[in-house]
Amino acid sequence: MNVELRYLHAFRTVCEAGGLRAAAAVMHRTEQSVSYQLRRLEESLGMPLFERRGGRLQPNAAGLRLLDFCRGMQHDWERLHDEMRDATLAADPLRISAVSGYGRYVVLPLFRDGPLANMPIRLHYPTAEGVLRNVESGDSHLGFVYVRQPHAKLQHIPVDREEIVLIAPASQVPPVLDAASLLNESFITYDESDFVFATWFKQALGIDLPQLSATAHFEELEEVLAWVAAGRGLSIVPAICLLESPPSNDYVVVRKPDAPCLNTIYAVLHRGHTHPSIEPTLLALRVAAADRFQPDDSEATSEGSR
């Protein structure tokens, strides 16, 4: 049994907030996203955790036991954090901020089980604006974003590219790569997906991002893949997340036949700050990028704002 910590966080928030709507507001997520996480948690445990009373979600006996566990785990985590704080501060790990898709599916594997596995890091996934703020303030030594923004204190260095693809439910007829046809489709969006969608429409169809029908919005790409696989709509996602996620026969990838749709990844550094682990990290990312892309497509990049 594998239960993700974020599902436990959603469960505890719903219990303490008294319902999906209140919990979604606290977590800054949609009700659909919170409901999805509760359902996945109940599926993992093999039992219901709530009952509805007077329009409110109340934990049942199993839910109350799990709530006690979550509160105890939080206390143990805070104590462990206090015990480790002095040691981690002394080690001065490389602090990285990266937009979520690239951070989770490209940067993290380098430190988890790749060539940088022994390097101490702190990795955060804020929005693109948050990445810039963190590097500018010195909270992060290194950042990764999809747009070069002029800044007196920050330096943007292109280090990688990312293919973006249209995905559709395997249970439906594959969509036609035509603007008029896609306007009749429903889409699943996610945090900062506007940039990905706009880049894909510009490169694949040569048009600006049209007004699309969005049936659901999530914070993480895992939920997007699950909803597409369930036949709830289409989405446009970084292709790397399909490789890192469990294999699925429930969705299909629709690519432009003549050329991939790509965007550029920029490393963000503060001109006045440095860290000895920055250069090895950038080198490892460039090597990984060279393995994914052939040299002759080096000019096939795009720039925009996420």
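Since every read-out is calculated from the coordinates, none of them should be taken as a lab result. Worth saying up front: this structure is predicted, and the values here are computed from it rather than measured. Reconstructed Cβ throughout: ideal geometry from the backbone, glycine too, with neighbour counts over all protein chains shown.
With 12 Å as the cut-off, how large is the P(r) tail for the stretch 101-149, expressed as percent of Cα-Cα pairs?
Working: 746 of 1176 pairs.
Everything past 12 Å amounts to 63 percent.
Here the Karplus curve 6.51 cos²θ - 1.76 cosθ + 1.60, taken at θ = phi - 60°, turns the phi angles of the stretch 190-196 into couplings of 8, 4, 6, 6, 3, 5, 4 Hz, with x standing for Gly and Pro. Per-residue ellipticity at 222 nm, computed for the chain from helices alone with -39500 (n - 2.57) per DSSP H run of at least four residues, works out to -12000 deg cm²/dmol. Computed about its Cα centre, the charge dipole of the chain is approximately 640 debye, with only Lys, Arg, Asp and Glu carrying charge at their Cβ. What's the Cα-based Rg to Rh of the stretch 5-87, Rh via Kirkwood? Value, to two decimals: 1.03.
Our coupling estimate for the stretch 140-156, obtained by passing each phi through the Karplus curve with A = 6.51, B = -1.76, C = 1.60 and θ = phi - 60°, is 10, 7, 8, x, 9, 9, 10, 9, 8, 10, x, 7, 5, 9, 10, 10, 10 Hz, Gly and Pro reported as x.
For the chain, averaging the sequence separation of C-alpha pairs within contact (under 8 Å, six or more residues apart) and dividing by the residue count gives a relative contact order of 21 percent. Convex hull of alpha carbon positions in the stretch 81-212: directionally averaged projected area 11.4 nm².
Note down the relative contact order for the stretch 5-87 as a percent, whole number, built from C-alpha pairs under 8 angstrom at least six residues apart. It rounds to 27 percent for the stretch 5-87. Less than 5 angstrom separates the built amide H of Tyr251 from those of Ala170, all sequence-distant by 5 or more or on a different chain. Its Cα gyration tensor gives the chain an equivalent ellipsoid. The semi-axes, each the square root of 5 times an eigenvalue, are 33, 29, 17 Å from largest down.
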